[in-house]
Structure formats: structure tokens, C-alpha cells
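The block underneath contains the structure these notes are about, expressed in C-alpha cells.
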Amino acid sequence: MERKTYDLWVGLFVIAGFLALLFLGFQVGGYSEERSTKTYNVEARFENIGGLKMKAPVKSAGVLVGRVNDIHFDNKKFQAVVTLALDTRYQFPKDTTASILTSGLLGEVFIGFDAGGDEKNLVQGDNIKLTQSAVVLERLISQFMFGKAAEGTDKK
Amino acid sequence: MQKILNIIRGLGNRTIEFLWRFGAMVRFSGLILLHSGMSFRRISLTIREIYFSGVMSLVIIMVSGLFVGMVLALQGYETLQNYGAQEQMGVLTALSLVRELGPVVSALLFASRAGSAITAGIGLMKATEQLKAMDMMAVDPIARVVAPRFWAGVFSMPLLAALFSFSGILGGYLVAVLLTGIDAGVFWGNMQAAVDVRYDIVNGVIKSIIFGIAISIIATYEGFDAEPTAEGVSAATTRTVVTAALSVLALDFMLTAFMLRTAP
């Protein structure tokens, strides 16, 4: 075979290969520019973060507004300190409530934002004062069971 | 007593032989890197080899990818529907293909389709004393014959793995959407939510590049090292396929252990 034929086939092969890589990146991986947008960091303290993990989404009204950037433990106050990277496109009042929620019974754990009424907005390095810890299912069940048991003894 | 000594001697002999071959292979890969200038200066040499190892493997890679994806989707449906989670079929096929099956199965196919051909080709050149003739004409056989084949393998492998994953996901799509009637939007949407570009796709590409390096070194070394007889070449070809397949699987385990996101 001639050299030109090799060149043609190899060129087609390379184009097909890179198209496949692009397909994997965009159609399968759902790559978007979201990662490269600017963010600002705020901190929130929780008594218990349950199953919250790094990179967990932060949602307000169900829309993705940021991600969990860092989780560490404050050894003085015995609380979990969660750093959230929020998209600069979205601004929230200072008295926003951050609560740890679960989508469905077994779904992923995320942080939900409920906006408050303060006129000032959260800025880089701020602390979210109003937080709501994760609901631990075992505690909920045991509370319910002890409550039932207590009711039973009262009746007698 | 003598028997036990013989067994121990045999073990020692095998160990030394293995270490010797491994060391020779490392030195050989150093030589390839040292003499690979020509494969870039005369790029047509490398392009010819990409044609023989990459383009000629396309059909087997694409067809096997299609079937692997279709089988994955069928088997996944069988199990997932027990939990009412058929919607996750896209995630199952995409993640298993992009992370593991794409790089590994295409590397195994590449080793048996292209690796064996490289070994047989170089071994035959050695048996017919073409390599010696080149040496006599002051043409370095490593630069002229081995390095272009090595670089062609390293370049082709990630593209072939990507094409394998692509046709596999296409096969999964065919089974999921056309056969079992899952909504196409749900199929792609769940997949995009679960597959991470950095951790899943880029890691798969890194894996396939490393497999390409390993297979190319093994195939060219076994060919270059083959005994210059018909039996020697056939034994070398067998060794290539066995060694390449084993090292791909062992390397895959090590790479996966490093790449998985176990740390928070």
C-alpha cells in the first residue's frame, strides 16, 4: 500500500479516537463549565453532619448553588466545621439557614439553604449562624420507641 | 535429599531467569527511549506502524465493545429490576466500561491482535537475519524497527480504549432504550450525574496509556529476544500474549488501588 493510504487511514483513526474521547467527556461525563466558575467560601458549624461527604452539593430550592469544600472537626467546641464553596452568581442573606438533608430515604446527603430576610449578604469567610444538624435515623427510632414505652407505663 | 536440592535449584534457576529477563526488559526500554529520535523525525515510519497495530485492531475492538456493552446492560437489567432501579442501567454500563472494561478488555484484545503481530514480525526479521543486515549497513535496528512500533502502540492504545468504551455505551443504549424500554433522557441523565470526568474518564485514559506502554515493551522485547528459528518465533509470540495479559491484569489492580477515591 502507498504511504498516502496509510496516512488517510491513520488520520481517520485519530479523528475517530478523539471524537470518542469527546463523546465520553461530554455525553457520558456531562462535562460543563460549572467547575471553572468563581466561588466564595463560607463556614457552617453543625452538631452532627451525619453522612455528609466532600463535594456534596449545596442546594437552595432544589437548585445546585455550591459544593462542600472541606470538613473538619473543631476540638474546642466539639462541632463539625464545614466549608462551603458557593457560586458567586448566587448571593444569600446573612441569616440564611443551612440544614443537612437527605434526598429520599437512602439518597445522597446534601446541604439545603433556606434564605432569611437580612439585608446584608454572605461574603467570603463568613460564618453561617443558623444551622440544623442531620437527622440520625437510629435516634429518631429509639426516641419513638422509648416514647411509646413510656406511654404504656403511664396507662397502667 | 538430592531430590529436594534439585527442587530448590530449579526454583533458584527460575527466579534468576525471571529477574534476568526483567532486567533485560528494563534495559531494552531504556534503549528504545534513547533511540526513539528517528521515529519522530521520520514520522511516516511510526504512522505505518499505527496503521498496522491501531487501525487494523479497530474492527475487533469496536465489535467486542458493542457486544460487551449489550451484555452488561442485559445482565444489569436482570439484577437491577429486582430493586426497581432499572434507571441506573446507564450508570452501571458507563462506569464499568469507562473505569475498567474499556481499558482492560481493549488492552487484552490489543495484546493478542497487535502485540502478537509485532513479536512475530520482529522475530521473523531476526530469524531471516534482516536485523543483522541493518546493523551491517549502520542502521540501528532498535531505532528503525523497534521504536516506531513501540510509539505506535503507546499512541494507539488510549484511542482504542476510548473507542471500545464508546461502542460499549452505544450497545448499552441500544439494549436499555430499544429492548427494555428505559427512557433515553433518564439513561443519559443518570449517567452524566454519576460519571465524573476527572476521576472516571481521565483515570481510564491514564490506565490505557500505561497498558499501551507495557504491552508495547513486552511485544517488542519478546520479538527482539526471540530465538532466530521458526519454533523460537512461535514460542516468543505465545510468551508475548501470556506475559502481556498477566501484566495488564496485575497493573490494573495496582492502578485501581491507587485511583479509587477511598480517602475523603
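Coordinate-derived values only; no laboratory data. All of these numbers come straight from a predicted model, not from anything done at the bench. Positions of Cβ are backbone-derived with ideal geometry, glycine not excepted, and every protein chain shown enters the neighbour counts.
Provide the packing ranking of A:92-98, B:208-214, i.e. peptides ordered by the mean count of other C-beta atoms within 10 Å per residue, highest first.
Taking the mean over residues of other Cβ atoms within 10 Å, the ranking is B:208-214, A:92-98.
What do you get for trypsin sites (Lys or Arg not before Pro) in segment A:1-82 restricted to DSSP loop and a cutoff of at most 15 other Cβ within 10 Å of the site's Cβ?
Here the sparse-neighbourhood loop sites are A:LYS38, A:LYS53, A:LYS55, A:LYS76, A:LYS77.
Sort segment B:88-208 into rounded, prolate or oblate with this rule: let a ≥ b ≥ c be the square roots of the eigenvalues of the Cα gyration tensor; rounded if a/c is under 1.5, and if a/c is not under 1.5, prolate when a/b is larger than b/c, oblate otherwise.
prolate
Once you have the Kirkwood Rh of segment A:2-156 from its Cα pairs, apply Stokes-Einstein at 10 °C and 1.306 mPa s and quote D in µm²/s.
After rounding, the answer is 83 µm²/s.
Give me the number: length gained by fully extending B:PHE67 to B:ASP140, i.e. 0.36 nm times residue separation minus the C-alpha to C-alpha distance, one decimal in nm.
Fully extending the segment from B:PHE67 to B:ASP140 adds 22.0 nm.
Describe numerically, in nm with one decimal, the distance between label points set 7 Å from Cα along Cα→Cβ at A:GLU108 and at A:LYS59.
0.9
Say R0 is 35 Å: what FRET efficiency, to the nearest 0.05, do A:ASP74 and A:LEU137 get from their beta-carbon distance? Could the numbers behind the result be given before it?
Numbers: r = 25 Å, r/R0 = 0.71.
It comes out at approximately 0.90.
Given axes a ≥ b ≥ c from the Cα gyration tensor, I'd like to know whether chain B is rounded (a/c under 1.5), prolate (a/b larger than b/c) or oblate. Don't jump to the answer; show the numbers that get you there.
Details: a/c = 2.47, a/b = 1.72, b/c = 1.43.
Prolate, since a/c reaches 1.5 and a/b exceeds b/c.
Distance in nm between label sites at B:THR238 and B:GLU87, each 7 Å beyond Cα in the beta-carbon direction?
Rounded to a tenth, the inter-label distance reads 5.4 nm.
Cross-link candidates for A:LYS55: which aspartates and glutamates have Cα within less than 18 Å, leaving aside residues fewer than 8 places away along the same chain?
The qualifying aspartates and glutamates are A:GLU33, A:GLU34, A:GLU43, A:ASP70, A:ASP87, A:GLU108, B:ASP196, B:ASP200.
Given a Förster radius of 45 Å and the C-beta distance between A:LYS120 and B:PHE40 as r, what FRET efficiency does 1/(1 + (r/R0)^6) yield to the nearest 0.05?
Values: r = 61 Å, r/R0 = 1.35.
About 0.15, to the nearest 0.05.
Looking only at segment B:101-115, which residues have a backbone nitrogen under 15 Å from a spot 7 Å from the Cα of B:THR79 in the C-beta direction?
Backbone N within reach: B:101.
I'd like the distance separating the alpha-carbon centroids of segment A:100-156 and segment B:74-110, in whole Å.
36
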